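The values are calculated or read from the model by the stated rules, or taken from the named source; none is laboratory data. Here the structure is a predicted model, which means the values were calculated and not measured. Counting neighbours? That spans all protein chains shown, and the Cβs are built from the backbone with ideal geometry, glycine included. Each accessible area value is taken on the protein alone, full model and side chains, heavy atoms only, with ligands, DNA and RNA left out. Shrake-Rupley method; radii C 1.70, N 1.55, O 1.52, S 1.80 Å.
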Amino acid sequence: MHPNPVFRTADHETNLQFARERGFGVLAVSVEGAPLLSHVPFILSDDGAWADLHLVRSNPIARALKQALQARIAVSGPDAYVSPDWYGVPDQVPTWNYVAVHLIGRLELRPQDELRGVLDRQSAVFEARLAPKPAWTADKMEPEALGRMMRQIVPCRLMIEDVQGTWKLNQNKAVDARLSAVGSIEGAVLGSEVDVLAQWMRDVDQAG
């Protein structure tokens, strides 16, 4: 996470809400050699104390979970390249604005009989966001097909000990320079969700 404290003023609940709404991130654990990474959907508990997810049984992270491991889920949001020319003031350098939240704690395997509940809660959360589409549920699958798929995956839980957020929105620039850059970021081609990022830069006091 960026070390400049001006980018890390979002409160705990704002960071949790951002992670909850995204619901997808990069799970990282350190074992021998390079860190292991896996891209995972997850759901957060109401109090933000834990995140539930599942992994394919053959995933190296799942195989490493003979005991709980320190882990983090990095949740990325909008991002964009910022050209120095866009500030309208001299002696600036290129940068990249972004929003990211890390959920940090201990990752553990859960009992296999909890898997169906994890899957049902995950699908309920994500399907609800597709309303008015009728929600998909696992009951629509043939039991044998569902059973075969469930035997290939394992339930996991990250017990969250720390939440860190970076909202890098040019808070370190003069207001006029920041707003000047916003106009060029809108519709820019280097980044993702650039229009959302531009709006958050406008509303930087509310965004973090």
Ranking His2, His102, His12 from most to least accessible area with a 1.4 Å probe gives His12, His2, His102
Ordering Trp200, Trp136 by the accessible surface of their heavy atoms, 1.4 Å probe, largest first, yields Trp136, Trp200
Magnitude of the Cβ-charge dipole (Lys and Arg +1, Asp and Glu -1) of region 1-48 about the Cα centre, nearest 20 debye, reported as 200
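Mind pulling up the Rg/Rh value for region 15-84? Radius of gyration and Kirkwood radius, both on Cα. Don't skip to the answer; put the middle values down first.
Numbers: Rg = 14.2 Å, Rh = 13.6 Å.
That ratio is 1.04, to two decimals.
Peptides 127-135, 3-11, 180-188: what's the order by average Cβ count within 10 Å, highest mean first?
180-188, 3-11, 127-135
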Computed on Cα atoms, the radius of gyration and Dmax of the chain in angstrom are 19.9, 66
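Could you work out the relative contact order of the chain, using alpha carbon pairs under 8 angstrom and six or more residues apart, expressed as a whole percent? Kindly include the intermediate steps, with their values, before the conclusion.
Numbers: 378 pairs, mean separation 58.4, N = 208.
28 percent.
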Counting every C-alpha pair in region 58-123, the percent lying more than 19 Å apart is 62
Scoring only Lys, Arg, Asp and Glu (+1, +1, -1, -1) among other residues with Cβ under 11 Å from the Cβ of Ala71 yields +1
Expected sort for 111-118, 76-83, 36-43 on mean C-beta neighbours within 10 Å, highest first, is 76-83, 36-43, 111-118
Ignoring ligands and nucleic acids, Met149 exposes an accessible area, probe 1.4 Å, in Å² to the nearest 10, of 110
With T = 4 °C, eta = 1.567 mPa s and Kirkwood Rh from C-alpha pairs, the Stokes-Einstein D of region 11-56 in µm²/s is about 110
Calc'd 3J(HN,Hα), region 125-135, phi into Karplus 6.51 cos²θ - 1.76 cosθ + 1.60 (θ = phi - 60°), Hz, glycine/Pro = x, comes to 4, 6, 5, 4, 6, 9, 3, x, 4, x, 5
